[in-house]
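Each value in this text was obtained by applying a stated rule to the coordinates, not by laboratory testing. Since the model is a prediction, treat every value here as computed from it, not as a measurement. Glycine gets a Cβ as well: all are built from the backbone with ideal geometry, and neighbour counts include every protein chain shown.
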Amino acid sequence: MSAPGGIRSTCPYCGVGCGVLLSEDKNGALSVRGDPDHPANFGRLCSKGSALGETLGLEHRLLAPKIDGQDSDWDTALDLVADRFSQSIRDHGPDSVAFYVSGQLLTEDYYVANKLMKGFIGSANIDTNSRLCMASSVAGHKRAFGSDTVPGTYEDLDEADLVVLVGSNLAWCHPVLYQRLLAARKSRGTKIVVVDPRRTASCDGADLHLALQPGSDVALFNHLLREIGARGAVDPDFLQHTNGFEAALEAAQLETLSPTGLSEEEVRAFCDMWIGTEKTVTIYSQGVNQSTSGSDKVNAILNCHLATGRIGRPGMGPLSVTGQPNAMGGREVGGLANMLACHLDLENPDHRQAVRDFWQAPQMPEVLGLKAVDMFRAVADGRIKALWVIHTNPAVSMPDSAAVRAAIEACPFTVVSDITEHSDTARLARVLLPASAWGEKDGTVTNSDRTISRQRAALPAPGAARPDWQILCEVGKRMGWHAAFDYESPVEIFREYAALSGLAGQFGRDFDISGLSGLEASAYDTLAPTRWPVIADRSGGRFFADGNFYHGDKKARLLPLRYRPPAARTGPKYPFRLNTGRLRDQWHTMTRTGLSPRLGAHMPEPFLDLHPNDAATLGITPADLVEVRSPNGSAILRARISDAVQPGQVFAPIHWTGETAPSGRIDDLVAAETDPVSGQPESKASVVAVQKMEAAWYGFAVSTRPMAPNADYWAQAPTRGGYRAEMAGYAPAPDWEEEARRLFDLPDAEAATILDPARGTARIALFDKGRLLAALFVDREPVAVVRDYLATLPDAAGTEVLTGRPPADVPDPGPVICSCFGIGINTIISAIETQHLMTVEAIGVALEAGTNCGSCRPELAAILASTHQREAAE
Ligand SMILES: Nc1nc2c(c(=O)[nH]1)N[C@H]1C(S)=C(S)[C@@H](COP(=O)(O)OP(=O)(O)OC[C@H]3O[C@@H](n4cnc5c(=O)[nH]c(N)nc54)[C@H](O)[C@@H]3O)O[C@H]1N2
Ligand SMILES: Nc1nc2c(c(=O)[nH]1)N[C@H]1C(S)=C(S)[C@@H](COP(=O)(O)OP(=O)(O)OC[C@H]3O[C@@H](n4cnc5c(=O)[nH]c(N)nc54)[C@H](O)[C@@H]3O)O[C@H]1N2
Ligand code: SF4
Ligand SMILES: [Mo]
């Protein structure tokens with residue numbers, strides 16, 4: 001829909017689901033602004049959303065179907081996919097094929113993928129990366145409520161008096177919601193508690209941080225339940241609508257606090273706040289879900305909300321925030337191997353029959369499909385003979401990812417639908433299918449609070465790219481199911497889906513949007529953000545305040561739970577607990593955010609945070625590289641010494657890949673241990689050993705073009721003028737000038753060099769007619785050059801580049817803090833000192849830093865505090 005400010009659409013990153021306005025800027029490029037009318041963000045965007053325009057270039061796009069690395073055409077590629085899938089089904093049965101899909105697909109794409117696999121191929125072997133993300137929340141919701149229902153809404157954050165963040169770094173991962181929370185804090189004094197083993201950016205604004213031991217959340221929330229019981233804080237009227245309170249309390253009585261490692265005072269303060277504040281929202285995310293006790297953690301939290309009746313009323317309730325833009329939509333369409341469509345159950349014969357009749361499907365599977373980890377095991381041992389991966393990058397994001405890569409490589413037939421061929425998964429596929437990207441396609445997504453929003457196209461699809469739903473339907477038709485997949489446009493799919501949800505409503509399910517089943521194409525085009533359910537007598541709202549749940553007896557269930565430690569145990573061989581997670585400015589495997597120089601500047605390298613005491617014991621100093629080994633694999637990462645992590649614990653980000661830093665692939669270290677109920681892997685509690693990398697050489701390079709490093713460690717990131725790379729190796733090159741020419745692919749460029757073989761140093765700059773193209777700096781120690789200045793090259797030219805630092809009259813901005821305006825730490829410190837700035841707001845006025853998305857504001861506050869501290873001490 002074209003509004004006065006442009007076309008309305010939705011950000012393709014996190015589950016906040018911010019509305020955006022798309023228009024053409026004065027250079028003809030797509031400009032992306034926050035939509036002031038969208039109820040998720042009211043105009044705000046975070047650094048990732050603001051940088052969307054920088055990620056739309058076509059140089060990395062897959063523009064034609066490819067077979068065995070050769071460009072092909074759609075007919076040939078689609079026929080091949082349909083033939084090979086059909087052949088496998090004929091020869092080995094429907095369970096010999098599988099789809100592995102994504103919470104980033106649009107609802108319409110997701111719906112047809114699920115329909116094709118479950119209704120027509122007749123297998124439930126479709127699973128999604130939501131298994132790595134939301135599966136424990138889904139399982140917890142179903143156990144407690146009888147359905148996968150998110151009870152509350154974002155408005156609860158405006159009305160709460162206490163918000164508890166459990167295993168959620170909201171400041172970085174749901175930044176616009178976090179800003180909304182801070183705004184509420186400012187106006188009504190909302191208290192914030194963070195429960196996280198690590199001190200994160202979300203702790204900066206918090207009243208209390210409980211740095212519990214990894215995996216011990218059940219022990220903490222069992223204790224809270226005990227206190228709720230002991231202090232008479234249960235809501236007896238609400239308990240009438242529940243079962244299991246006594247048993248849950250009894251199990252909680254057996255628990256102690258010792259697994260948490262927290263002091264009694266800290267926990268008392270937490271219980272006082274929680275029990276004393278009726279309007280409490282508990283937000284939880286991957287620190288809860290990604291655990292072998294993930295489902296129990298979810299239910300331990302839900303137990304406390306059910307016991308106190310704090311659910312579904314304004315300003316209170318549990319809120320599982322979704323990660324991906326359509327994680328919620330995927331759950332609605334039944335994209336997981338253990339679900340049907342529209343919150344109907346695969347195990348229920350009546351549900352199966354109803355969906356089968358509705359789809360006029362030839363067959364429906366009666367058994368659950370393989371969950372992600374088991375699915376790739378079945379690929380590895382040959383049970384799955386044809387695999388189609390859509391909109392996800394399992395070769396790096398699955399646990400034990402080296403084994404997943406080997407499995408994909410050995411699979412007889414693999415298809416990948418992606419927007420780029422430069423991904424670790426795409427590199428392994430036989431057939432590559434070019435998908436239309438965000439900005440080019442139409443459909444719907446559902447965010448964390450059940451709001452359905454439209455994504456709308458503002459750009460033409462480049463080359464031969466096609467929307468995912470169309471590719472799936474073409475294969476369905478070619479497999480012989482023409483009528484079932486004969487859609488002209490997404491609205492036809494949406495209408496069918498909405499009608500099916502009406503059937504689910506008749507079965508008494510929560511997910512019913514049948515009010516939208518008659519939507520005309522024009523109404524779909526203009527559809528405003530709409531929270532489900534959408535039925536004759538109801539639209540949106542909250543669930544469960546009335547005590548009506550979705551179990552057979554309409555009651556909720558509290559569960560008896562006991563703490564279980566993470567599956568892997570630390571010991572002398574693997575003494576550290578490895579925690580993994582996200583950075584503010586990158587999205588997953590970086591195939592999109594990795595293209596933005598602004599976003600790349602925040603953290604250009606993969607790293608490992610370790611506690612100063614551990615660093616001292618291991619003899620590791622800042623900027624060293626470390627080798628990290630687990631029973632599954634190894635990695636090399638830059639050491640960051642920080643007391644944000646506890647002794648014995650280390651943290652690494654998930655974003656680096658074979659494309660950006662092959663030895664930084666963190667899931668190579670992660671064991672494929674899963675939650676017994678949800679099948680979700682324990683991505684945050686592997687065990688590792690850490691030691692200093694005894695590198696013989698270190699390098700830093702800048703270049704106008706991508707480089708081809710040949711080093712034991714390397715990491716490459718985009719800059720405004722090209723690329724920067726860190727490198728290190730066990731054996732130095734015999735001739736560094738020759739190596740530089742190979743690295744930059746500039747065999748004949750003019751060179752300026754300073755070589756000192758005796759000291760193992762080399763500085764080489766390569767020019768074309770006096771214009772700087774690339775430079776390499778090598779040393780036996782981590783290279784001491786001013787990286788943020790060199791990263792501005794080739795703006796600065798000339799042989800003075802070999803000094804590795806800016807000329808006296810050019811200030812070095814330092815590492816970027818504010819990505820939106822590209823402002824470095826040195827610029828900020830200097831403004832604080834010279835202009836005597838006292839507040840984050842004043843920094844904003846002086847430099848603009850922190851005034852757009854606000855996600856660097858915690859860092860600005862920290863810089864302000866440390867600069868003032870230093871000034872006071874001087
Ligand atoms: N910038 C950015 N934002 C994103 C994404 C992104 O890639 N980049 N991805 C999106 C997606 S798909 C998702 S799923 C969300 C994830 O959003 P979050 O879940 O908020 O992010 P994570 O960094 O994975 O993990 C959250 C925290 O869990 C903590 N944790 C680890 N173990 C435990 C434990 O045992 N108990 C508790 N209580 N905490 C623990 C970690 O220290 C970490 O700080 O983010 C979404 N938003
Ligand atoms: N150790 C550890 N591992 C984790 C996690 C963790 O916290 N720790 N988190 C897990 C979680 S929560 C998640 S959600 C996963 C995320 O992991 P992935 O889903 O594997 O990561 P993405 O980079 O989002 O992959 C999306 C892919 O889709 C492609 N793509 C983009 N747009 C389109 C499109 O329109 N159509 C198609 N067909 N393709 C497109 C992108 O280029 C990219 O290759 O990682 C999981 N892995
Ligand atoms: S918070 Fe940021 S990443 Fe998430 S939807 Fe909004 S703009 Fe996109
Ligand atoms: Mo996720």
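Going down the list Lys554/Lys684; Lys441/Lys554; Lys371/Lys554, which pairs span over 32 Å between their C-alpha atoms?
Lys554/Lys684; Lys441/Lys554
Between Glu265 and Ala183, what is the spin-label point distance in nm, taking each point 7 Å from the Cα along the Cα→C-beta axis?
That separation, rounded to one decimal, is 3.7 nm.
Collect residues whose amide H, placed 1.01 Å from N in the peptide plane, falls under 5 Å from the amide H of Val166; neighbours closer than 5 in sequence don't count.
Val195, Ile283, Tyr284, Ser285
Give the calculated FRET efficiency between Glu781 and Glu159 to the nearest 0.05, with a Förster radius of 60 Å applied to their Cβ-Cβ distance.
0.60
Using alpha carbons only, how many angstrom separate the centre of the stretch 340-364 from the centre of the stretch 32-52?
38 Å
Only bridges whose two residues both fall in the chain count here: according to DSSP, what percent of them are antiparallel, nearest 5?
Among the beta bridges of the chain, antiparallel pairing accounts for roughly 60 percent.
Compute the separation of the alpha-carbon centres of the stretch 268-336 and the stretch 55-106 and state it in Å as a whole number.
37 Å
Taking 7 Å along the Cα-to-C-beta vector as the label spot, tell me the Asp71-Ala865 distance in nanometres, rounded to one decimal.
5.6 nm
Give me the number: length gained by fully extending Glu848 to Val367, i.e. 0.36 nm times residue separation minus the C-alpha to C-alpha distance, one decimal in nm.
Difference between extended and current length: 167.5 nm.
So what is Rg over Rh here for the stretch 151-201, counting just Cα atoms and using Kirkwood for Rh?
With Rg and the Kirkwood Rh in hand, the quotient comes to 0.94.
Once you keep just the Cα pairs under 8 angstrom separated by 6 or more residues, what percentage relative contact order results for the chain?
RCO, the chain: 15 percent.
Distance between Cα centroids, the stretch 191-226 to the stretch 639-665: provide it in whole Å.
If we compute the Cα centre of each part, the gap is 22 Å.
How far apart, in nm, are two points set 7 Å out from the Cα along the Cα-to-Cβ line at Asn548 and at Arg90?
The two pseudo-label positions are separated by 5.1 nm.
Once you compute Rg and the Kirkwood Rh from C-alpha atoms, what is the Rg to Rh ratio for the chain?
Rg/Rh: 0.96.
Label point 7 Å out from Arg231 along Cα-to-Cβ: which residues of the stretch 252-284 have amide N under 14 Å?
Answer for this model: 265-280.
For Ser855, list long-range residues whose amide hydrogen, built 1.01 Å from N in the peptide plane, is under 5 Å from its own amide hydrogen.
Answer set, sorted by chain and number: Ser47.
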